[in-house]
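Just below is one structure, and these are the notes that go with it.
The values are calculated or read from the model by the stated rules, or taken from the named source; none is laboratory data. For clarity, every value in this text was computed on a predicted model and none was experimentally measured. Methodologically, a virtual Cβ is constructed for each residue, glycine included, from the backbone with ideal geometry; neighbour enumeration extends over all protein chains shown.
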Amino acid sequence: MNASLSEKLSAVKWGEFRLGDLFTKRTIKGVPKNKENLTPNKNGFHMFGQNIKYQYPQRILLDKKYLQSVDYQHPILGYTSSVGEIGIIKEPFYRSGDNGAFQGLFSKEHQFTLKELYFVLPILQKEFDKFGYDTSMANTINLQFSLPITSPGKIDFDFMESFIAELEAERVAELEAERVAELSAYLTVSGLDNYELSGDEVQALQNYSLLTWKSFNLECLFGKSTRGKRLKGDDRVSGTLPFVTAGEASEGISAYISNDVEIFEKNTTTIDMFGSAKYRNYKYGADDHIAVVHTETVPMKAAIFLTAAIHKAAHTGKFDYGHNFYAKDADALDIMLPAKDGKPDYTTMETLISAVQKLVIKEVVLYANQKIETTKAVTKRYW
């Protein structure tokens with residue numbers, strides 16, 4: 001918490017209040033254990049256990065008679081008399097078990113908002129920390145605790161609301177600063193923070209329509225492609241080596257393994273059974289639905305250009321589950337590339353990819369810079 005907020009807490013007037021004057025205590029009996037159905041249901045609700053935490057990670061759907069009606073406009077405080085823990089509940093829920101250990105504190109005359117409860121909660125937590133399995137909570141409703149007050153001695157709800165709003169803004173600013181710092185560091189380390197086009201890059205883009213293009217055979221350029229080997233899911237041993245299979249999800253990486261498989265070099269291109277090509281700048285293993293094109297001797301950005309050319313030539317809709325793309329198809333594949341003196345012009349490919357990369361990353365860099373300046377402006381309010 002920043003100094004400004006601490007000063008506000010010190011400056012405000014405080015008064016003593018009885019818990020029972022502000023909240024009504026109700027015992028919330030829950031679902032008998034033999035009635036719990038733990039089948040996940042996205043339209044269901046969470047179930048609370050003995051410690052004001054979700055009993056199960058998934059949402060479930062039970063008989064509506066067990067559902068406790070709570071929402072963001074009418075949040076409550078919940079606590080368990082067995083372990084002395086208290087928390088905020090702000091959505092409909094089920095209660096696990098039909099004993100009387102779970103209590104709800106419902107607003108009386110004044111409906112406490114969510115922000116007001118966030119202010120009250122840490123104050124009550126200090127009191128509830130004194131309770132446990134070996135202490136009685138029967139007299140909880142008579143607990144006395146302090147809250148900010150106005151001059152006439154009324155609870156200063158406006159102060160509580162604005163204090164939590166400012167505290168949230170401070171935390172958001174901190175998180176934003178952390179994210180932007182991480183992004184900025186990544187851009188710097190990866191060399192992507194410089195988005196100004198060089199003279200060669202500007203010229204390469206301007207002369208794109210004047211390039212000489214030529215068809216080249218993949219096998220003639222890089223030798224025979226290699227087909228991966230099948231490794232069933234049940235046989236995969238967890239590890240750190242990316243294992244590439246067919247598909248678009250996670251760039252085709254289906255697992256990380258430690259099996260003794262052929263390890264392919266980074267800076268190579270994979271083509272899956274559908275003809276979809278992807279650039280790999282890391283070592284990996286591959287199954288039998290993958291063809292590996294050995295572009296490892298080509299400069300990285302040129303290899304990225306090559307991958308795009310391979311994808312354009314192979315991913316035409318010709319290959320599917322009934323007609324797979326294999327290594328032999330890669331060897332027969334012809335791709336169009338910029339050429340100079342009858343050979344692939346890898347220098348031009350590198351320059352073009354570098355230019356495109358800068359054009360794409362420019363908006364990200366500008367976003368990061370803008371956020372850094374905004375964060376500085378916001379945090380000046382607090383420090």
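Overview of values
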item: Count of region 64-89 residues which are in contact with a strand residue (DSSP E or B) (Cβ under 8 Å, 6 or more places away or on another chain) and either over 13 Å from Leu105 (Cβ atoms) or not in a loop (DSSP other than H, G, I, E, B) (or both); result: 14
item: Region 310-339: number of residues that are more than 19 Å from Val298 (Cα to Cα) and either part of a loop (DSSP other than H, G, I, E, B) or outside the structural domain of Phe274 (by TED's automatic domain parsing) (or both); result: 13
item: Lone unmet requirement of (1) at pLDDT 95 or above; (2) closer than 21 Å to Gln206 by Cβ for Ala355; result: (1)
item: Within region 264-320, considering residues that are among the hydroxyl-bearing types (Ser, Thr, Tyr) and surrounded by fewer than 16 Cβ atoms within 10 Å (Cβ to Cβ), the one modelled with the lowest pLDDT; result: Thr316
item: Count of residues meeting criterion [of a type in the set (Asp, Glu) and out of contact with any strand residue (DSSP E or B) (no Cβ under 6 Å at 6 or more places or on another chain)] in region 325-345; result: 3
item: Filter result for Leu197 (touching a strand residue (DSSP E or B) at 6+ places or on another chain (Cβ under 9 Å) and assigned to a loop (DSSP other than H, G, I, E, B)); result: no
item: Selected residue (criterion: farthest from Leu337 (Cα to Cα)) from residues of region 171-222 that are at pLDDT below 90, of a type in the set (A, V, I, L, M) and surrounded by 15 or more Cβ atoms within 10 Å (Cβ to Cβ); result: Ala173
item: Residue match in region 328-351 (condition: within 13 Å of Gly228 (Cβ to Cβ) and surrounded by 16 or more Cβ atoms within 10 Å (Cβ to Cβ)); result: yes
item: Filter result for Gln103 (at pLDDT below 90, in the same structural domain as Gln68 (by TED's automatic domain parsing) and closer than 16 Å to Pro75 by Cβ); result: yes
